[in-house]
Amino acid sequence: MVNATEIDPSKKRSIHAFEATNFFLADVQTGLGPFLAAYLAGAGWEPGRVGMALTIGGIITVVLQAPAGAIVDQLRSKRLILILASAVLAVGAILLSITAAPWAVYTSQVLIGGAGPFLGPTLAAVTMGIVGVSFFDRQFGKNQSFNSAGNVACALLVAGMSLFFGNRAIFITAAVLTIPTVLAIWAIRSKDIDYDLARGGAIQVEGKEVAARVSVMNTLLRDRALLVFLACAFLFHFANAAMLPQLGEMLSHTSRASAAPFMSACIIVTQAVIMCFAPAIGRFANLHGRKPLLLVGFGVLPIRALLYTLTHKTESLIAIQLLDGVANAVFGVVSILVVADRTRATGRFNLVQGSLATAVGLGAALSTTFGGKLIQHFSYRVSFLSLGAIAVLAFALLWTAIPETLTDENEPDKNASPPLDTQEIPA
C-alpha cells in the first residue's frame, strides 16, 4: 500500500467526473427499474405476465453477474464498458417508451438485464484504479453517496414527468439521462485508471507495484472467510428484500390511495440515509475496520422486522425505514470493501464482486417468494417475524465466522488466499 496522505491532485478532474458518473448512472437505472411494473399494469398487462417480464430480466442479471465480473477483470478499457452498458440501457428504455408490446418489453428486459451486471463491478474497478488501495474505502463511500443522490433526484424527476406527460415519459427521461452519463464517463481520463489496480492485481515488491494474478480456485473456493461472507450476504438479502414490498402490499389493503406515496417516501428516506452516511461509513471502515460496521448493519435488520409488527401508523413506519437506510448504507459500502480486502493481489476483484452480486440476487429473489408463501398460509406478522429470524441467523454467522478483513499489509492474514509464489497462474 502506498502510504500517501492525499490523492494525487492531478487525478481530481477524473474523480469529479467519476462522481458525476455515479450520480447520472443512478438516474438512468432508477428510471428503468421500480416503475416498470406500474407501467405494464397500466398498459393492460395481467399480473402474471408482468411478473414473467420482470423475472426474465432478473434471471439474466443473476446468471451474468460472475461472468460479467470476470470480463471486467480482463478488459483494460473500463470507460468503454460503462459507455456500452449505458447505451444498452438507453436502447431498452427507448423500446419501452415506444410500445408495451410483448416483443419490445421482453427484448428490453433482456438488454437491461444483460447490461446491469457490468455496471457495479466496473464502477468499483474504476474507483480502485483511480485512487488505489489507500483511498478506496473513502472514495467508494462517496460514490455511494452520489449514487443515492441520483436515485432521489431521479425519483422526483420521474414523478413529475409521469404526472404531466404520462408513464411513457419515464423511459424517455431515462434514455435522455444517458447523454450526461456518457459525457461524465468520457471526462474521466483513461490514463488516470491503473489497469492492474482496477482488478485488484497489484502488489508491493520492493516499494514498486507489480502485477499479480491468482487462480479462481485460490481466490474464491479456498478462501473460507470469503465463502462464509457470501453466505452472510445471501441471508441478509433473503431477510431484507421482501420487507418493504410486503409493507406496501399490507398497507394497500387498508388504504390503496396512500400506498404509492408511502412507498415513495420510504424509498426516499432510505436513499437519503445512504447519501448522508455512506462517505462517513467509508472513512470509519478505513480507521476502525469492517466488522463493527457490518455487525451494526446486520443487527438493525431483525429490529426493523420486529418493529413492523408493532405499529401500522404511517409516520412510525416511515421512521422505521431509517433502519433500512442504515442497513443498506453499511452493506452497500462495506461489502465491497471486504471483497477488496480478500482479493488484494489476486487480479480477481471484479470476478468476486460478481459472485457477491449473484448471492445478493438469489437471496432477494427467494425472499419475495418465501415471504409471499408465509403471508398466503399464515399472516403478514408471521412473515415479518420469520424474515427477522433469518436476519438473526445472518448476524450470528457474521459474528462468529467472519474475521476482521482490514489487516496491516505487513502482517499476512492467515485466512487470506495463498501467497503469490507464482504470479501468473492460469485461470
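Asp194 contributes about 70 Å² of solvent-accessible surface, heavy atoms of the protein only, 1.4 Å probe.
Translational D (Stokes-Einstein, µm²/s) of segment 70-187 at 10 °C and 1.306 mPa s when Rh comes from the Kirkwood sum over C-alpha pairs? Write down the numbers at each step before the final one.
Working: Rh = 15.6 Å.
Taking Rh from Cα pairs, D becomes 102 µm²/s.
In percent, rounded to a whole number, the relative contact order of segment 64-127 is 49, using alpha-carbon pairs under 8 Å and six or more apart. Arg138 contributes about 80 Å² of solvent-accessible surface, heavy atoms of the protein only, 1.4 Å probe. Computed about its Cα centre, the charge dipole of segment 299-351 is approximately 220 debye, with only Lys, Arg, Asp and Glu carrying charge at their Cβ.
So which of Lys12/Lys78; Lys78/Lys142; Lys191/Lys291; Lys291/Lys373; Lys142/Lys291 end up more than 29 Å apart by C-alpha? Mind showing how you got there, number by number?
Details: Lys12/Lys78 18 Å; Lys78/Lys142 19 Å; Lys191/Lys291 34 Å; Lys291/Lys373 33 Å; Lys142/Lys291 20 Å.
Those over the limit are Lys191/Lys291; Lys291/Lys373.
Defining a contact as two alpha carbons under 8 Å apart and six or more residues distant in sequence, what relative contact order in percent does segment 79-173 show?
Details: 60 pairs, mean separation 29.9, N = 95.
In percent, rounded to a whole number, it is 31.
The values are calculated or read from the model by the stated rules, or taken from the named source; none is laboratory data. In this text the structure is predicted, and so the values were computed from the model without any measurement. When we count neighbours, we look across all protein chains shown, and the Cβ atoms used for this are built from the backbone with ideal geometry, even at glycine. To get the accessible areas, we keep the full protein, side chains included, count just its heavy atoms, and leave off ligands, DNA and RNA. Shrake-Rupley method; radii C 1.70, N 1.55, O 1.52, S 1.80 Å.
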